[in-house]
Amino acid sequence: MAWTSRTGNPSVALDIDTSEIARLIGDLGSSEKDVQKAMSRALRRTASALRVRASKRVVPEIGLRKAMEFRRRLRDMRVRIDRDGGEIGIWVGLNDIGVSRFKGRAVRTPGGARFRDTEFTGAFVAKYRGKRSIWKRRGAARFPVEEQKLAIQDRVQIILEDEIFPDAVDTFMKLFMADLRARSIYGVGK
């Protein structure tokens with residue numbers, strides 16, 4: 001069983017107690033087909049649960065105006081199941097985000113502009129194309145201008161690795177056991 005996240009560390013292994021799974025399968029008398037279906041569903045639901053937890057934890061931490069800005073950066077990757085277990089992952093976009101997407105107010109300074117603790121030298125605060133943000137000219141001409149961005153990678157990666165991914169095994173086991181019981185005892189999904 002492997003858990004993959006497309007952040008700085010491409011593969012994080014899950015340590016799943018297979019003896020507990022084997023005992024449950026023996027107690028319930030589950031078929032191979034029920035086990036495969038329960039595992040597949042549990043993997044998909046685990047990925048979904050981790051995405052929701054990540055969004056709820058990261059958005060207030062980095063101070064985004066809308067949660068959708070971060071949610072659209074979380075994507076499920078393909079679920080693969082074989083005899084040895086399964087693999088699923090979440091792709092997390094950790095690119096820098098424009099200043100206008102964050103809560104807070106940009107301040108003009110003598111050397112440029114400042115947002116939170118970040119100083120943007122040679123930049124200016126303006127409303128352009130409906131966004132009030134910090135802008136900087138690309139060349140000597142008046143246009144084109146580009147919006148300045150804040151880095152989120154370090155803060156988000158720490159949250160994901162320390163708070164979100166360690167719960168993956170417990171979440172998977174809980175969902176797998178519940179689904180397998182429902183399939184074996186009550187005949188759900190047959």
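Values in this text are rule-based calculations from the coordinates and carry no lab data. This one's a predicted model, so the numbers in the text were calculated from it and none came from an experiment.
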Take the cross-link list K66/K136; K66/K149; K56/K127; K103/K136; K56/K174 and give me the ones stretching past 18 Å between alpha-carbons. K66/K136; K56/K127; K103/K136; K56/K174
Debye-sum result for segment 89-190 in log10 I(q)/I(0), which assumes one identical scatterer on each alpha carbon, at q = 0.15, 0.16, 0.21 Å⁻¹: -0.74, -0.79, -1.06
Can you list the residues, at least 5 places off or on another chain, whose amide H is less than 5 Å from the amide H of Y128, using H built in the peptide plane? S133
